[in-house]
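J.: Below is one structure. I have some questions about it.
The values are calculated or read from the model by the stated rules, or taken from the named source; none is laboratory data. These figures come from a predicted structure and were not determined experimentally. Glycine also receives a Cβ, built like all others from the backbone with ideal geometry; neighbour counts cover every protein chain displayed. With ligands, DNA and RNA removed, areas are computed over all heavy atoms of the protein, side chains included. Shrake-Rupley method; radii C 1.70, N 1.55, O 1.52, S 1.80 Å.
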Amino acid sequence: QVQLVESGGGLVQPGGSLRLSCAASGTIFSIIVMAWYRQAPGKQRELVAHITSTGDTNYASSVKGRATITSDNAKNSVYLQMDGMKPEDTAVYYCNTILRVDRGRLPRNYWGQGTQVTVSS
């Protein structure tokens, strides 16, 4: 079994910063990509940023320039630093990974339980 555990959510003032962390544990052979998604009330879940095992990154246009995604392959962890937070960043943020649990298995998608981020004064 693979588990993703997120931390770092909470209340942030507009213009403030936040750092989310996510650690994958369990039987992991190789991680292909790790990502952060978010879902605001009444909206669909959307990709915030992803980082591949080789370090390539991609960001949603809404956070580009304000967000930085990094990973620590040795710790099977991914981080999201967000600066210049806006009220529209308020959402539940989910950690996501696509990984193999075994050399002979196809990659599978795994999700964390989500962490609430609220941007408000």
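J.: All but one of (1) of a type in the set (D, E, K, R); (2) in contact (Cβ under 8 Å) with a residue 60 or more places away in the chain; (3) closer than 16 Å to Arg19 by Cβ hold for Asp102; which doesn't?
T.: All conditions are met except number (3).
J.: Filter segment 1-45 for residues that are touching a Leu at 6+ places or on another chain (Cβ under 9 Å) and in a loop (DSSP other than H, G, I, E, B); which is most open to solvent (accessible area, probe 1.4 Å)?
T.: Ranking the candidates gives Phe29 first.
J.: Let me ask something else about it. Residue check: is Thr54 open to solvent by 70 Å² or more (accessible area, probe 1.4 Å) and more than 20 Å from Gln113 (Cβ to Cβ)?
T.: yes
Rundown of residues vs (1) among the hydrophobic types (A, V, I, L, M, F, W, C); (2) open to solvent by 50 Å² or more (accessible area, probe 1.4 Å); (3) at pLDDT below 95, yes/no style:
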{"position": "Ser61", "(1), (2), (3)": "no, yes, no"}
{"position": "Ala67", "(1), (2), (3)": "yes, no, no"}
{"position": "Tyr79", "(1), (2), (3)": "no, no, no"}
{"position": "Met82", "(1), (2), (3)": "yes, no, no"}
{"position": "Glu88", "(1), (2), (3)": "no, yes, no"}
{"position": "Val101", "(1), (2), (3)": "yes, no, yes"}
{"position": "Arg105", "(1), (2), (3)": "no, yes, yes"}
{"position": "Gln113", "(1), (2), (3)": "no, yes, no"}
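J.: From (1) in contact with a helix residue (DSSP H, G or I) (Cβ under 8 Å, 6 or more places away or on another chain); (2) in a helix (DSSP H, G or I), pick out the condition that doesn't hold for Val117.
T.: Condition (2) is where Val117 drops out.
J.: Taking the conditions exactly as written (crowded, with 17+ Cβ neighbours inside 10 Å, out of contact with any Phe, Trp or Tyr (no Cβ under 9 Å at 6 or more places or on another chain) and part of a strand (DSSP E or B)), does Tyr94 satisfy them or not?
T.: Judged against the criteria, Tyr94 is not a match.
J.: Six or more apart or on different chains, Cβ under 6 Å: which pairs go from a residue in segment 34-60 that's of a type in the set (D, E, K, R) to one that's open to solvent by less than 10 Å² (accessible area, probe 1.4 Å)? Could you list them?
T.: Pairs found: Arg38/Val48; Arg38/Ala91; Arg38/Tyr93.
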